[in-house]
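A short worksheet on the structure shown next.
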Amino acid sequence: MTAPNFTRTVLGVPRIGPRRELKRAIEGYWKGSITRAELASTAAGLRRDEWDRLVSAGLDSVPTNTFSYYDQMLDTAELLGALPPRVAGIEDPLDRYFAAARGTAEVAPLEMTKWFDTNYHYLVPEIGPETAFALHPEKVLGDLEEATTQGVPARPVIVGPLTFLALAKPVDGAGEPLSRLDEILPLYRDLLARLAARGAQWVQIDEPVLVTEAGLSLAGDAARVYGELSSAADRPSILVATYFGSPGPSLEALAGTAIEAVAVDLVTDLAAVDAVAAVPALQDKLLLAGVVDGRNVWRTDLASASATLGTLSGSAGALAVSTSCSLLHVPYTVGAETAPEPAGAEGVRAWLAFAEEKIDEVVVLARALTEGRPVVAAEFGRSAAVRAARSADPRLNDATVRDRLTALRATGTGRTAAADRAVVQRDRLDLPLLPTTTIGSYPQTGAIRIARADLRAGRIDEAEYVRRMQSEIADVVALQEELGIDVLVHGEPERNDMVQYFAERLDGFLATENGWVQSYGTRCVRPPILYGDVHRADPMTVSWITYAQTLTERPVKGMLTGPVTILAWSFVRDDQSLAETADQVALAIRDETVDLERAGVQIIQVDEPALRELLPLRAADRSAYLAWATGAFRLSTSGVADGTQIHTHLCYSEFGDVIGAIADLDADVTSIEAARSRMEILGDLDRAGFANQVGPGVYDIHSPRVPAQEEIESSLRAALDAVPAQRLWVNPDCGLKTRGQQETVAALRNLVAAAKAVRATL
Ligand code: GLN
Ligand code: ZN
């Protein structure tokens with residue numbers, strides 16, 4: 001039962017393929033352009049190549065079963081027989097799996113939400129009274145067999161019972177999923193026995209939930225679950241992996257059981273190092289020390305990681321070097337970045353480590369530990385040189401930016417009282433009651449995609465590209481005038497992405513060519529890398545908005561992305577606080593608002609859909625976060641006159657934990673996702689003391705369904721029960737870029753008609 005210890009590993013790896021082969025194969029299979037056998041063979045090839053890489057890099061324990069056709073939580077639901085009953089009728093297992101992931105014409109998919117505080121999204125398992133758990137181990141066992149045949153020292157990875165249930169949602173009146181622990185524990189025991197029977201020496205059970213606020217009260221359950229699983233006679237050695245923060249009281253609980261190993265993230269929360277030292281029961285365990293950051297892109301400071309390992313050496317029975325979490329959250333390799341570095345960002349690539357480079361770092365650190373520093377002196381030397389060059393780089397220390405921030409902080413970044421601003425703005429803008437508007441983007445037309453591809457391929461020049469975008473803008477403005485919308489937008493045709501667009505125009509950001517990371521299923525993103533002090537050299541959006549304004553008498557909103565969202569969707573520097581970085585981005589956005597105002601723009605929207613995303617996992621850390629996040633937003637929006645109306649937009653989340661912060665943003669108008677929560681958000685805002693104007697989304701843009709006029713009217717009446725008419729705006733609940741043209745026009749027509757009908761009754 002007790003397998004030999006290992007010394008170097010990672011907690012997981014990217015799985016989309018170095019060239020996004022899996023994405024292409026799965027989408028091809030969905031379209032019917034490749035067969036199931038071809039899909040299976042691409043997938044098997046990716047697994048084989050990945051294992052080869054890990055073994056030849058020198059890992060002595062290799063995480064397996066990290067491959068997924070869509071998502072590891074969905075895989076776990078399938079493993080435990082907990083797919084929703086509505087897909088049960090679909091006979092074929094792969095089609096059933098994809099139906100649960102993305103729905104079909106007949107069945108709705110599982111809900112999707114963010115995996116802890118990362119940008120990965122998992123599918124939320126549904127646990128109902130009828131859920132009859134049963135083990136379906138085919139995927140896990142098949143994967144193990146493949147790996148073993150290939151001679152890989154395999155360590156199958158599975159999501160643990162606490163994390164699985166804590167992240168699931170109860171449906172059909174069922175109680176808390178965690179109350180079902182006793183139903184699934186026997187399945188885990190059974191699975192462990194089967195893995196052992198097939199030769200698995202180790203198994204990794206992931207329990208990231210233990211680092212969260214909810215995890216604080218799960219230490220007792222952790223002791224029970226892992227006491228029970230480790231008491232089984234037939235099982236591999238058990239590694240319980242915690243990550244994304246310090247494991248808190250669970251560490252002691254886990255150490256008190258008979259499991260063989262624990263993984264601890266030593267990067268996210270430095271307090272974890274002391275926490276480990278304080279648990280004597282780790283003396284007979286293998287500790288996986290997560291000293292290489294699994295979710296950011298910087299090369300590890302080997303000397304300091306090595307010092308941490310030194311500190312820990314007496315605290316555990318044995319040490320293995322590892323990443324802080326799975327490498328799922330970083331791109332494959334810096335080696336795939338081959339084009340010349342963009343002007344201004346020369347040399348930055350040398351500071352980076354993606355998955356493959358991090359695997360090499362783990363091996364170097366482990367060799368230093370087991371064979372002594374001299375054998376890896378060259379690698380340590382290079383690491384120190386990179387570190388020295390990076391920290392001395394003038395791009396990390398722009399005196400102009402820093403001085404301006406110091407001065408601004410001294411003078412304060414508040415605006416006149418909101419009620420007074422509202423009076424000035426009302427006179428100036430002269431809008432009707434219940435003004436109608438949209439969130440920014442309009443449907444992405446084929447022409448936009450073609451223009452972008454043509455520009456990239458050099459088939460058209462910049463001037464022609466601008467002409468084509470202007471023609472899109474003209475269409476969107478004409479449509480809004482015809483519909484009778486009150487506050488217009490330009491439609492955002494020029495934005496490839498609401499963060500990337502700004503990152504490409506700001507100093508301090510580096511874009512990657514191939515730095516793809518899985519966001520969910522087959523959707524991949526290429527987050528920009530924020531490496532230095534952020535500075536805006538030239539206006540970024542003014543020409544588009546002013547062009548749109550020339551086409552209409554009605555006000556056109558300027559459209560910007562807020563500092564918190566820009567941070568949340570980028571890889572950010574690790575050499576200063578997020579708060580400091582946020583303020584620098586905020587300063588750049590502030591400069592843009594000032595230029596927009598100067599160009600005659602009267603309304604400016606600064607989107608912060610990611611405000612909730614960066615909320616710390618532990619409640620104790622939240623108020624500090626919200627203070628800097630709202631502070632950065634105010635910094636970005638307080639450079640304009642009282643008569644300039646600032647809007648913001650929030651979506652993608654339950655707002656419960658950040659409701660007070662929404663009031664602290666002090667935007668003149670806040671549009672907020674509300675259609676699915678039936679306007680309940682308005683009461684919550686009211687209780688939080690929010691008294692500015694608000695546009696609760698009156699229809700859900702995530703579905704192609706066209707809402708009827710009466711339906712929107714009834715939403716508006718519900719909103720009027722909570723908010724006086726003088727404070728209410730009428731808008732959809734998010735941008736329209738993922739929608740089709742026809743349904744958008746129909747929905748907006750109903751929206752305007754509903755606003756007019758309700759207005760007439762006031
Ligand atoms: N202005 C953006 C748009 O309409 C907002 C997108 C978002 O909220 N994610 O597309
Ligand atoms: Zn939105």
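Observations
- In the calculated pair-distance distribution of region 454-609, the portion above 28 angstrom amounts to 27 percent of the Cα-Cα pairs.
- Isotropically averaged projected area of region 285-405, using the convex hull of Cα atoms (one quarter of hull area), nm²: 9.5 nm²
- Per-residue 3J(HN,Hα) values for region 16-30, derived from phi via the Karplus relation 6.51 cos²θ - 1.76 cosθ + 1.60 with θ = phi - 60°, read 7, x, x, 10, 6, 4, 5, 3, 5, 5, 5, 5, x, 5, 4 Hz in sequence order (x marks Gly and Pro).
- Both radii are taken from the alpha-carbon atoms of region 496-553; with Rh as the Kirkwood radius, Rg/Rh is 1.12.
- Over the chain, relative contact order from alpha-carbon pairs under 8 Å, at least 6 apart, %: 11 percent
- For region 553-618: relative contact order, % (alpha-carbon pairs under 8 angstrom, 6 or more apart): 58 percent
- Equivalent-ellipsoid semi-axes of region 305-367, from the Cα gyration tensor, Å, largest first: 31, 13, 9
- Taking other residues whose beta carbon is less than 12 angstrom from the beta carbon of Arg36, and scoring Lys, Arg as +1 and Asp, Glu as -1, yields -3.
- Residue-count net charge about Ala345 - beta-carbon cut-off 10 Å; Lys, Arg +1, Asp, Glu -1: -1
- For region 524-661, convex hull of alpha carbons as volume per residue, Å³: 135 Å³
- Across Lys285/Lys358; Lys23/Lys114; Lys23/Lys139; Lys31/Lys114, pairs whose alpha-carbon gap is larger than 22 Å: Lys285/Lys358; Lys31/Lys114
- Lys, Arg +1 and Asp, Glu -1 on Cβ, resulting dipole of the chain about Cα centre, debye, nearest 20: 660 debye
- Computed over region 638-762, the quotient of the alpha carbon radius of gyration and 2.2 N^0.38 Å is 1.05.
- For region 104-254: span of alpha carbons on each principal axis (Å, largest first): 44, 43, 31
- Hz values of 3J(HN,Hα) by residue in region 316-333 - Karplus curve (6.51, -1.76, 1.60), Gly and Pro given as x: 9, x, 8, 10, 10, 8, 8, 7, 5, 7, 4, 7, 3, 8, 10, x, 5, 7
- Highest-first packing order for the peptide set 26-33, 269-276 is 269-276, 26-33, based on the mean count of other beta carbon atoms within 10 Å.
- Distant-in-sequence amide contacts of Ala3, defined by a placed amide H-H separation under 5 Å and a gap of 5 or more residues or a different chain, comprise Ser237.
- In Hz, Karplus ³J(HN,Hα) per residue of region 469-479 (6.51, -1.76, 1.60; θ = phi - 60°; x = Gly, Pro): 5, 4, 5, 4, 4, 4, 4, 5, 5, 4, 4
- Given charges at Cβ of Lys, Arg, Asp, Glu: the chain dipole, positive-most of Leu135, Ala388, Ala82: Ala388
- Under a model in which nothing but the beta-carbon of Lys, Arg (+1) and Asp, Glu (-1) is charged, region 142-207 shows a dipole of about 160 debye around its Cα centre.
- Both radii are taken from the alpha-carbon atoms of the chain; with Rh as the Kirkwood radius, Rg/Rh is 0.97.
- Straight-line cross-link partners of Lys756 among the lysines, defined as a Cα under 22 Å from its Cα and at least 8 positions apart when in the same chain: Lys557.
- Rounded to the nearest 500, the 222 nm mean residue ellipticity of the chain from helices alone is -13000 deg cm²/dmol, with -39,500 (n - 2.57) taken per DSSP H run of at least 4 residues.
- Measuring spread by the Cα atoms of region 693-753 yields a radius of gyration and Dmax of 11.5, 33 Å.
- Contour excess over end-to-end distance, with Cα ends at Gln742 and Glu711 and 0.36 nm allotted per residue: 9.3 nm
- From most to least packed by mean Cβ count within 10 Å, the peptides 728-734, 390-396 give 728-734, 390-396.
- Sequence-separation-based contact order of region 629-729, relative, with Cα cut under 8 Å and 6+ spacing, percent: 25 percent
- Overall dimensions of region 190-282 as given by Cα atoms, namely Rg and Dmax in Å: 13.2, 39
- Simple rule: put +1 on each Lys or Arg Cβ and -1 on each Asp or Glu Cβ in region 406-521, find the dipole, and look at Ser471, Thr438, Thr413; the Cα lying farthest toward the positive end is Thr413.
- Column: log10 I(q)/I(0), Debye, Cα scatterers of region 1-152, q = 0.11 Å⁻¹: -0.49
- Sorted peptide list for 375-382, 327-334, 455-462, criterion being average Cβ within 10 angstrom, highest first: 327-334, 375-382, 455-462
- Local electrostatic count at Pro247 - Lys and Arg +1, Asp and Glu -1, tallied over other residues with Cβ under 10 Å: -4
- Globularity ratio of region 14-68, using Cα Rg and 2.2 N^0.38 Å: 1.23
Read the figures in this text as sums done on the coordinates, not as results from a lab. Being a predicted model, the structure only gives us computed values, none of them experimental. Every residue, glycine among them, receives a Cβ derived from its backbone with ideal geometry; neighbour counts consider all protein chains shown.
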